[in-house]
Amino acid sequence: MPKSLYWSRTDTAGAEHVSFDDRQGLTARGTVLAVDPVPYTCRYQLATGPDWATTRLEVEAEGAGWSRSVRLERAGDGWRVRTGEEGDLDAALRAAGHPPAGLPGTDDPDRLADAIDVDLGGSPLFNTLPVRRLGLARGPADQARRVTVAWVLVPSLVVVPAEQVYSSLGPARVRFASDTFSADLDVDPEGYVVRYPGLAERVGPR
């Protein structure tokens, strides 16, 4: 992996580090750490085609007394979803005063059929997928594109379809919106997030 990026979380104590190769689409391995809603470590492996459409995502999350995994793999016009679970995440969540998470994965993979991109909760790397695929980092201002993603919630690894809107605000600025939430992202010329208000900021070597 010839490149790597590091983000510090601004919404909670946490960070993300990813190593990747983007010469022919994107191949990436990353680790996300955070303390909310319970302390966890999340590791992922991501692969796209040359067009930046996701072909595979594997995620593992673990904390005190539990671990979960989910694998999403494009299969024809849909997604194949496989999951694993050990321990009891719901017990850890209840002990911390949070509601239970439910089972990892999805009970109906057909609900993800329209998703071209994937999104991993709390990770600024995954915003790059539609930005690069649609050419928004260098696009004209006010160019808006609606996408459907397979959204992987963290730490539960529940997978749900979600509609998102990405709008180019001119060079190096992209607005991300989902339901009632929106954020104006600062991105570099390659479409990787530099600053995601309320979530993360990229940190370089000192």
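The values are calculated or read from the model by the stated rules, or taken from the named source; none is laboratory data. Computed from a predicted model, the values in this text were never measured in an experiment. For neighbour counting, all protein chains shown are included, and Cβ atoms are generated from backbone atoms with ideal geometry for every residue, glycine included. Quick note on the areas: whole protein, heavy atoms, side chains included, nothing else; ligands and nucleic acids left out. Shrake-Rupley method; radii C 1.70, N 1.55, O 1.52, S 1.80 Å.
To the nearest 20 Debye, how big is the dipole of the chain about its Cα centre, given +1 on the beta carbon of each Lys and Arg and -1 on that of each Asp and Glu? Write out the running numbers ahead of the final one.
Numbers: 23 positive and 29 negative charges, 130 e Å.
With Lys and Arg at +1 and Asp and Glu at -1, about 620 debye.
Considering only protein heavy atoms and a 1.4 Å probe, what is the carbon-and-sulfur percentage of the accessible area of the stretch 37-104? Mind dumping the intermediate values first?
Numbers: 1610 of 3440 Å².
Result for the stretch 37-104: 47 percent of the exposed heavy-atom area is carbon or sulfur.
Using alpha carbon coordinates only, what is the Rg to Rh ratio of the chain, with Rh defined as the Kirkwood radius? All intermediate terms of the calculation are to be shown ahead of the outcome.
Working: Rg = 16.4 Å, Rh = 17.3 Å.
Answer for the chain: 0.95.
What translational diffusion coefficient, to the nearest whole µm²/s, does the stretch 161-206 have by Stokes-Einstein, given a Kirkwood radius computed over alpha-carbon pairs, a temperature of 20 °C and 1.002 mPa s viscosity?
Details: Rh = 11.4 Å.
The estimated diffusion coefficient comes to 188 µm²/s.
Could you tell me which residue out of Ala13, Gly49, Pro39 lies farthest along the dipole of the chain toward its positive end? Charges go on the beta carbon: Lys and Arg +1, Asp and Glu -1, centred on the Cα centre.
Gly49
Residues of the chain: accessible area per residue at 1.4 Å, in Å²?
Values: 9870 Å² over 206 residues.
Solvent-accessible surface per residue comes out at 48 Å².
Which net charge results when you count Lys and Arg as +1 and Asp and Glu as -1 among the other residues whose beta-carbon is under 12 Å from that of Tyr40?
Numbers: positive: Arg43, Arg68; negative: Asp36, Glu60, Glu62.
Here the charged neighbours net out to -1.
With unit charges on the beta carbon (Lys/Arg positive, Asp/Glu negative), name the residue among Ala75, Val194, Ala177 whose Cα is farthest towards the positive pole of the charge dipole of the chain.
Val194
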